Amino acid sequence: MEKRIGYRFRDGKLLKKALIHRSWLSEMDTAIREDSNERLEFLGDAVLELITAEYLYKLFPGRPEGELTEYRRILVNGKFLAKKARNINLGEELLISPSEKKTGGREKDSILSDAYEALIAAIYLDGGLKAARCFLEEFHLIDIHETLNEEENTNYKGKLLENLQARGTKPQYSTITETGPDHDKKFEVIVSVQEREVGKGTGFSKKEAEQQAAKNALEKLIEEQTAANSL
């Protein structure tokens, strides 16, 4: 793992802890006292937010706060973190329980994204902010323009409509709040399916908020379908 990410830990226990999923502890001998990576995940989330915000602030000096906030959201969301975790084969290094492994735990977005944040925290605690920044700039932020362009060009409303039409229904969008002055208005939108709210989004235009709501709805519907298929 150290060779893969180009960082050697002075305290190897930090790396081990970053790789421990709580399921592993639940099936271990009670005499073995370990912590899962959840506390590291909490810290890693904050470190990731800070370094990403700083990077965006310097990279896009003319962009308004609203755009930078949206860019940061894209770069710290769970699916993107899971993608980056797969790029460094983080899943194969995780300590997870046999039962979790059988259900595909090494490939679950939630487990991978949490472990990725825990790894960031471990690097930060071991080598400081500079080490964490170097890791993120090399592995997380390296293809930032491609990532942002891909996200902006994705038509989530179209994908959601296609998904629901296959089920014999369609989405309904509703703007629930509009805040701020006319030149800097922020919208909050929900998307419903057969009167059930399935997604919510915010943005600095109705179109942006609807796209975000559609994306969240798609993720929720796919998760529900996956869970149903596993029963």
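Where a number appears in this text, it was derived from the coordinates with a stated rule and is not lab data. The structure presented is a predicted model; accordingly, all values stated were derived computationally and were not measured. For neighbour counting, all protein chains shown are included, and Cβ atoms are generated from backbone atoms with ideal geometry for every residue, glycine included.
Structure summary
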| item | result |
| --- | --- |
| For segment 2-152: relative contact order, % (alpha-carbon pairs under 8 angstrom, 6 or more apart) | 35 percent |
| Distance between segment 146-220 and segment 82-114 - C-alpha centres, whole angstrom | 29 Å |
| Relative contact order, percent, segment 114-231 [alpha-carbon distance under 8 Å, six or more residues apart] | 16 percent |
| Sparse-neighbour loop sites [trypsin sites (Lys or Arg not before Pro); segment 136-167; at most 16 other C-beta within 10 Å; DSSP] | Arg167 |
| With Cα atoms, 0 to 90° folded angle of helix 65-76 axis to the chain main axis | 50 degrees |
| Dipole in debye (nearest 20) - the chain, about Cα centre, beta carbon charges: Lys, Arg +1; Asp, Glu -1 | 380 debye |
| Order of Asp11, Asp182 - criterion: other Cβ atoms within 10 Å of each residue's Cβ, fewest first | Asp182, Asp11 |
| Angle between the chain longest axis and helix 109-139 axis [Cα atoms, degrees, rounded to 10] | 70 degrees |
| Positive-end residue, the chain charge dipole about Cα centroid, Cβ charges, pick of Gly91, Ile111, Ile222 | Gly91 |
| Extension gain from Gln225 to Lys102, taking 0.36 nm per residue of separation minus the Cα-Cα distance | 42.4 nm |
| GNM result for the chain, Cα springs below 10 Å: residue of Gln172, Gln211, Gln194 fluctuating most strongly | Gln194 |
| Most fluctuating residue given options Ile144, Ile176, Ile74, as computed from a GNM of the chain linking Cα atoms under 10 Å | Ile176 |
